[in-house]
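Enquirer: Below is a structure I'd like to ask you about.
The values are calculated or read from the model by the stated rules, or taken from the named source; none is laboratory data. In this text, all values refer to a predicted model and were calculated from it rather than measured experimentally. Don't worry about glycine lacking a Cβ; one is built from the backbone with ideal geometry, like all the others, and counts go over all protein chains shown. In case anyone asks, the SASA skips ligands and DNA or RNA and just uses the protein heavy atoms, side chains included. Shrake-Rupley method; radii C 1.70, N 1.55, O 1.52, S 1.80 Å.
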Amino acid sequence: MTNPRSLQAREQSLIDLYSHCQLGMTPKNFYAKWDVNHEAIARICSRSLSTVRRWFSKGRNYRTPMPSDLRHLALMDFLLEHFEEIPEECLNILCSLTGHK
């Protein structure tokens, strides 16, 4: 195993910014903004289709999404909004299972 990289002030600032960021988007807002179905939202959040359907239910069947679900939707919204501005190399690193060194 290799030694972990040390954090400089710049990296620590980024961690602080991210950890205090109130990044979140509700499933209903995401659904209203983008032409997606419940299956796509389930894939984005790594949830079952029945869980996502409960987010859109009313009454007893309603379930509140977890903060991690809101963050996944907000990040996907950001990627969809800024897809053309993100260099392909960055997208490949972001989405690659072997992109970690």
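Conditions (1) among the aliphatic types (A, V, I, L, M); (2) farther than 30 Å from Arg5 by Cα; (3) at pLDDT 95 or above, marked per residue:
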position: His38; (1), (2), (3): no, yes, yes
position: Ala42; (1), (2), (3): yes, yes, yes
position: Val52; (1), (2), (3): yes, yes, yes
position: Phe56; (1), (2), (3): no, yes, yes
position: Met66; (1), (2), (3): yes, yes, yes
position: Leu73; (1), (2), (3): yes, no, yes
position: Phe83; (1), (2), (3): no, no, no
position: Glu89; (1), (2), (3): no, no, no
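Enquirer: Moving to a separate point now. Report, by residue number, each residue of segment 8-32 that is of a type in the set (Phe, Trp, Tyr) and either modelled with pLDDT under 95 or open to solvent by 90 Å² or more (accessible area, probe 1.4 Å) (or both).
Expert: Within segment 8-32, the first condition is being of a type in the set (Phe, Trp, Tyr), and the residues that meet it are 18, 30-31.
Result: Tyr18, Tyr31.
Enquirer: In addition: Can you name the helices (runs of 4 or more DSSP H) wholly within the chain that have at least 3 residues being among the aliphatic types (A, V, I, L, M)? Break it down stepwise before answering.
Expert: Values: elements: 9-20, 27-33, 38-45, 49-55, 67-82, 88-95.
Because the criterion is at least 3 residues that are among the aliphatic types (A, V, I, L, M), the helices (runs of 4 or more DSSP H) in the chain that meet it are 9-20, 38-45, 67-82, 88-95.
Enquirer: Do you know which residues across segment 40-71 are open to solvent by 80 Å² or more (accessible area, probe 1.4 Å) and touching a helix residue (DSSP H, G or I) at 6+ places or on another chain (Cβ under 9 Å)?
Expert: Step one: list which residues in segment 40-71 are open to solvent by 80 Å² or more (accessible area, probe 1.4 Å), which gives 43, 46-47, 53-54, 58, 60-64, 66-67.
Answer for segment 40-71, where residues must be open to solvent by 80 Å² or more (accessible area, probe 1.4 Å) and touching a helix residue (DSSP H, G or I) at 6+ places or on another chain (Cβ under 9 Å): Ser46, Arg47, Arg53, Arg54, Asn61, Tyr62, Arg63, Thr64, Met66.
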